Amino acid sequence: ILNPIQLNQLRNFLNQSGVYFKLMADIDLTEFLEDENPDQGWQPVGTTSAPFKGILDGNGKTISGLWINRSNTSYVGLFGYCDYATIKNLTIKDAEINGKTYVGVISGYAYNGGVSNCILSGKVNGVEKVGGCTGYTYEGFFNGISSSVDIIGGDYTGGIVGGDDCHIVAEYITISNCFVNSTISGIDKVGGILGGVYRGTCKISNCGYVGSISGTSNVGGIGGYAYNLSSGTIKGCYAVAYVRGTGENTGG
């Protein structure tokens, strides 16, 4: 992938496993989006019925000029819906993402798969299930992510991932070697790294958060909320943060 037109053509390979893409140049989307959709910006790649299932290797390159203004749309990000996809080695600089539910810079929703070795900056705004990297996930891994994405969300809002959708004890989410330096504002289940997890196995390790977090209930410097985990650990993590909750359950 060498230019915005080729990046946009990722959507021609939806619902296909075993497809692999690599960025071979930095990509500025500014002019492309002004020409293609000056009102709503980038159209997220992948939907619930036709998800992105491939691998995108950023190859150490940068995507800039990414903006989305779709406040009434769910599944919003560079990718809207991913299924066993992997996004790695990518920098997204100064993104402006505005959506409804399932909102993140990399992906709105990720079913399995994961994100690794990415650098993210910008702003994300959503109503519910909002993350600096991914809004919501069903299982999956997140490793080596550095984020300076300021976030405004509602329930399930997190610096890396807003929430995890596990429903049985065998399912899992792992977040490791991630660092967030940002301001995060949510309502319920708000965390500097992970907003909230429901059942399954959750492991957060070697992660750090620096910034300011505010919400009503279940607000934490690393994680906001965890329910009925078969196994859950937070190891080697730190938060240097102002954490404010106006309701129940607030912690560093």
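The values are calculated or read from the model by the stated rules, or taken from the named source; none is laboratory data. None of the values given here were measured: they were computed from a predicted structure. Please note: Cβ atoms are built from the backbone with ideal geometry, for glycine as well, and neighbour counts cover all protein chains shown. For accessibility, only protein heavy atoms count, side chains too; no ligands or nucleic acids. Shrake-Rupley method; radii C 1.70, N 1.55, O 1.52, S 1.80 Å.
Take the alpha-carbon positions of the stretch 1-94, form their convex hull, and give its projected area averaged over all directions (one quarter of the hull surface) in nm². Mind dumping the intermediate values first?
Values: hull surface 22.5 nm².
Projected area, direction-averaged: 5.6 nm².
Which number comes out as Rg/Rh for the stretch 33-175 once both Rg and the Kirkwood Rh are worked out on C-alpha atoms? It would help to have the intermediate numbers written out before the result.
Details: Rg = 13.4 Å, Rh = 14.3 Å.
Expressed as Rg/Rh, it is 0.94.
Let me know the Kirkwood hydrodynamic radius for the stretch 181-252, please, with Cα pairs as the basis and the value in Å to one decimal. It would help to have the intermediate numbers written out before the result.
Details: mean 1/r = 0.0847 Å⁻¹.
After inverting the mean inverse Cα-Cα distance, the result is 11.8 Å.
Quick one: putting +1 on the C-beta of Lys and Arg, -1 on the C-beta of Asp and Glu, what dipole do you get for the chain around its Cα centre, in Debye to the nearest 20? Intermediate results must be reported in sequence, preceding the final value.
On the way: 15 positive and 20 negative charges, 124 e Å.
For the chain, the charge dipole is close to 600 debye.
Pulled fully out, how much extra length does the chain show between ASN72 and SER49, if you take 0.36 nm times their separation in residues and subtract their Cα-Cα distance? Present the calculation step by step, with values, prior to reporting the outcome.
Numbers: separation 23, 0.36 × 23 = 8.28 nm, distance 1.87 nm.
Gain in length upon complete extension: 6.4 nm.
Carbon-plus-sulfur fraction of the accessible area of the stretch 193-250, 1.4 Å probe, in percent? Each step should come with its number before you reach the end.
Working: 1240 of 2660 Å².
With neighbouring chains kept in place, the figure for the stretch 193-250 is 47 percent.
Kindly provide the helix-only [θ] at 222 nm of the chain, computed as the sum of -39,500 (n - 2.57) over DSSP H runs of four or more divided by all residues, to the nearest 500 deg cm²/dmol?
That calculation yields -1000 deg cm²/dmol at 222 nm.
Looking only at the stretch 15-49, which residues have a backbone nitrogen under 11 Å from a spot 7 Å from the Cα of THR62 in the C-beta direction?
It comes to 26-28, nothing else.
Determine the shape class of the stretch 77-130: with a ≥ b ≥ c the square roots of the Cα gyration tensor eigenvalues, call it rounded for a/c under 1.5, and otherwise prolate if a/b is greater than b/c, oblate otherwise.
Values: a/c = 2.62, a/b = 1.13, b/c = 2.31.
Cα axes put the stretch 77-130 in the oblate bin.
Given LYS53/LYS235; LYS88/LYS123; LYS53/LYS88, which pairs have Cα atoms separated by over 24 Å? Mind showing how you got there, number by number?
Details: LYS53/LYS235 31 Å; LYS88/LYS123 20 Å; LYS53/LYS88 14 Å.
From LYS53/LYS235; LYS88/LYS123; LYS53/LYS88, over 24 Å: LYS53/LYS235.
Compute the Cα gyration tensor for the stretch 105-252, then decide on rounded, prolate or oblate, letting a ≥ b ≥ c be the square roots of its eigenvalues: rounded whenever a/c is under 1.5, prolate when a/b is larger than b/c in the other cases, and oblate in all that remain. Intermediate results must be reported in sequence, preceding the final value.
Numbers: a/c = 1.32, a/b = 1.12, b/c = 1.18.
Since a/c stays below 1.5, the shape of the stretch 105-252 is classed as rounded.
For the stretch 112-199, take the convex hull of the Cα atoms, compute a quarter of its surface area, and give me that in nm², please.
On the way: hull surface 18.9 nm².
Average projection, Cα convex hull of the stretch 112-199: 4.7 nm².
Over the chain, with a single point scatterer placed on each C-alpha, what log10 of the ratio I(q)/I(0) does the Debye formula yield at q = 0.07 1/Å?
-0.20
Give me the accessible area per residue for the stretch 98-234, probe 1.4 Å, as a whole number in Å². Let's see the in-between values first.
Values: 4020 Å² over 137 residues.
Normalised by residue count, the accessible surface of the stretch 98-234 is 29 Å².
Using only Cα atoms, locate the centre of the stretch 1-76 and the centre of the stretch 79-133, then give the distance between them in Å, rounded to an integer.
A separation of 11 Å, based on Cα centres.
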